[in-house]
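The values are calculated or read from the model by the stated rules, or taken from the named source; none is laboratory data. None of these values were measured; they are calculated from a predicted model. Positions of Cβ are generated from backbone atoms using ideal geometry, with glycine treated the same way; all protein chains shown enter the neighbour counts.
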Amino acid sequence: MRTLLLFFLLTLFSSTYAWETDYSKAREVSREDKKPLLLFFTGSDWSGLAMKMKNETLDSKDFQKKIGTQFHCIEIDFPIHTTLSSTVRQQNEALKSRFAVEEYPTLILLDSDEQIIVRMGYSPEGGQQLANELLHGMAQNIELCRGLKALPKDEAVLRRLYQLAQIMMRGEARSAIMSAGVEIEVPFFLVEQYRLFVEEGKDVTLLRQKLLKSNDHEIHFTVAMIDFQEGASKHQDPCEAIKPLEAYLEHFRDTDSQNIWRIEMMIAQFYLETDEWGVALKHAETAYKNAPTPFQPEIENSLHYIKSQIR
């Protein structure tokens with residue numbers, strides 16, 4: 001009787017943590033029970049790191065105890081010395097292409113809608129620590145999905161949801177949250193929309209005008225930085241590229257001591273990259289005069305270097 005009980009417990013334990021190989025079957029079950037899918041891309045008979053992560057972390061008692069039966073675990077294997085069935089091989093190749101997997105091991109946690117929650121390569125973390133990280137990602141995903149069902153008109157909540165969408169690289173969710181923030185004219189989201197429109201090459205004339213009506217110098221500073229970075233990335237003439245920064249200096253030199261010296265150093269660095277050492281020196285000297293004491297030694301080193309090159 002004891003032998004049968006022991007056999008039953010061992011069978012139950014092993015089946016609880018068995019790694020499946022049929023993704024389609026696991027996906028269908030996931031859609032029913034709403035449990036996430038944990039995909040482990042591995043080279044089970046040749047990748048040292050993959051074998052190490054599997055044996056020491058994923059198959060550890062700490063990991064198994066922590067995750068319980070909360071995930072459907074699927075091993076996506078690419079062995080060299082073992083032959084897979086043509087069905088499994090084709091499935092694994094398709095998943096590798098779909099999720100753009102380029103290294104082994106790669107661990108991907110998907111929700112029941114097959115949205116990526118967590119993606120990582122080899123991790124030296126212990127089983128409990130890795131399980132905690134995956135469970136934390138799952139909790140964040142639940143929070144994000146709930147928030148998306150009825151987007152609130154609360155700035156703090158929207159910014160939290162936006163942060164989660166960025167962490168999980170959910171482009172559609174991020175756009176929806178941004179639209180909700182723009183609708184109630186939250187400055188943060190207006191600036192984020194401006195950044196996105198600039199990156200996409202859209203006309204931002206009206207949006208820029210709207211933002212620059214604000215008395216908040218941080219909004220002006222961020223807009224100037226976005227415009228400068230866009231101009232610099234397009235390899236514009238230096239005089240054109242730095243115009244947004246110079247305009248900011250003209251308006252806020254006397255009221256924003258925190259950023260003025262940083263802008264001066266940005267301009268100096270930009271001129272250094274275009275070999276205009278004299279102009280760079282002028283801006284670096286201004287930065288040195290306005291910088292907080294702890295930052296002056298570093299700027300002083302830059303001044304010595306620029307002067308040595310001019311000579």
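A few notes on this one:
- Among (1) closer than 30 Å to residue 151 by Cα; (2) buried (at least 16 other Cβ atoms within 10 Å of the Cβ) - the single one residue 238 does not satisfy: (1)
- The sole residue among 132, 92 that is closer than 16 Å to residue 20 by Cβ and touching a residue at least 12 places away in the same chain (Cβ under 8 Å) is 92.
- Which listed residue, of 194, 122, is touching a residue at least 40 places away in the same chain (Cβ under 8 Å) and either closer than 30 Å to residue 260 by Cβ or crowded, with 16+ Cβ neighbours inside 10 Å (or both): 122
- Note on region 61-100: residues that are touching a Phe, Trp or Tyr at 6+ places or on another chain (Cβ under 9 Å) and within 16 Å of residue 169 (Cα to Cα) total 1.
- Residue within region 278-294 that is closer than 30 Å to residue 189 by Cβ and crowded, with 19+ Cβ neighbours inside 10 Å present: no
- Restricting the search to helices (runs of 4 or more DSSP H) fully inside region 40-100 and requiring at least 3 residues that are polar (S, T, N, Q), at negative phi and surrounded by fewer than 14 Cβ atoms within 10 Å (Cβ to Cβ) gives 86-98.
- Residue list for region 26-39, filter: surrounded by 14 or more Cβ atoms within 10 Å (Cβ to Cβ) and in a loop (DSSP other than H, G, I, E, B): 35, 36
For (1) touching a helix residue (DSSP H, G or I) at 6+ places or on another chain (Cβ under 8 Å); (2) over 25 Å from residue 133 (Cβ atoms); (3) modelled with pLDDT of 95 or more, each residue gets a yes or a no:
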site	(1), (2), (3)
2	no, yes, no
13	no, no, no
25	no, yes, yes
85	no, yes, yes
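- Residue that is surrounded by the most Cβ atoms within 10 Å (Cβ to Cβ), among those in region 152-164 that are modelled with pLDDT of 95 or more, under 24 Å from residue 115 (Cα atoms) and over 17 Å from the mean Cα position of the chain (by Cα): 158
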